[in-house]
Amino acid sequence: MHTAIVPPKGVWWKPAGKQERMWVTIAFVWCMVLFAMMPLWHLKGGQNPSGIRGRVEPKDYSERVQRFIAEYQVGEEAGIPVVAPPPGSDVYMVGQMWSWKPVLKLQQGASYVLHLSALDVNHGFGLIPANINFQIVPGYDYGLKITPNEAGEYKVLCNEFCGIGHHRMLGKIIVEPAASVADVGWEVSK
C-alpha cells in the first residue's frame, strides 16, 4: 500500500526536459506580464472608470432622487418623470425592480456627474449603443463624470439578472444637440 507519507519505490521523478522548461518559463513570464498589466490598464487605460463612490442608505438615495426630480422635472414619459438638469450639475438615476428613473435630458458636450444606485438588489447599468457598463449595488452611490458628445437617444438597460421583470427594465437618456461639438461618442473620466 502506498501513502503520501511514504515515497514510492523506484524512479518516480525525472528532471523536466529542455522544451518543457522553456514552455513553463514562457507561461510564467506571460502570467507576470498580464498581472502587471491589470493595474496599469486601470490607471492608464481609461476603460475602467473608477468614478466617485460612497456608502448611502437606499432610503436616503431615494430621497435625493425625488428632490432631483422635483427640482428639474420638465415632463413625463410613460409614467416616468423626465428631468433636464443644467450643464455641469450632478444628475441622479436609480435602479429598482424593474425600472430606471428618471429619464435624463442632457446637453451635448456638457459635463455632468451621473450618480447611480439601486434600492433593492444588484442591477447592471448598460448604456446602449455607447457600450458603457457598470455594476450598481444597493447601499452605494456611484458617481461617474460623463460628457455626452453625441446627440441622440440612449437606452439604459439592466444587464444583471434582477428577477422576473428583468427584461422590462429599460430607461432612457436623451442627449440634446449643442451648437458645435468636435468629439463624437461619450467620454467617461475618472
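Quick note: the coordinates plus some simple rules give every number you see, no bench work behind them. All values reported here derive from a predicted model rather than from experimental measurement. Please note: Cβ atoms are built from the backbone with ideal geometry, for glycine as well, and neighbour counts cover all protein chains shown.
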Lysines whose Cα lies under 29 Å from that of Lys155, excluding same-chain neighbours fewer than 8 positions away: Lys44, Lys59, Lys101, Lys105, Lys145, Lys172, Lys190
Computed ³J(HN,Hα) along the stretch 62-71: with the Karplus parameters 6.51/-1.76/1.60, θ = phi - 60°, integer Hz and x for glycine or proline, the list is 4, 5, 4, 5, 5, 5, 4, 5, 4, 6
If r is the Cβ-Cβ distance from His166 to Ile5 and R0 is 45 Å, what FRET efficiency results, to the nearest 0.05? 0.25
Counting other C-beta atoms within 10 Å, which of Ile52, Ile136 has the fewest, and how do the rest follow? Ile52, Ile136
Would you mind telling me the antiparallel percentage of the DSSP bridges in the stretch 37-180, rounded to 5? 70
Lys and Arg at +1, Asp and Glu at -1: neighbours of Glu71 with Cβ under 13 Å from its Cβ sum to 0
Across Gly124, Gly17, Gly139, the residue with the highest GNM fluctuation in the chain (Cα network, 10 Å cutoff) is Gly17
With θ taken as phi - 60° and the coefficients 6.51, -1.76 and 1.60, list the Karplus ³J(HN,Hα) couplings across the stretch 78-86 in order, rounded to whole Hz; mark glycine and proline as x. 6, x, 9, x, 10, 10, 10, x, x
Per residue and in Å³, how big is the convex hull formed by the alpha-carbon atoms of the stretch 52-189? 97
Among Lys155, Lys14, Lys44, which one shows the highest mean-square fluctuation when the chain is modelled as a Gaussian network with alpha-carbon springs under 10 Å? Lys14
Quick one: if the Förster radius is 35 Å, what FRET efficiency do Glu57 and Ala36 give, using the C-beta to C-beta distance and rounding to 0.05? 0.35
Does anyone have the angle between helix 18-40 and the longest principal axis of the chain? Alpha-carbon axes, 0 to 90°, nearest 10? 20
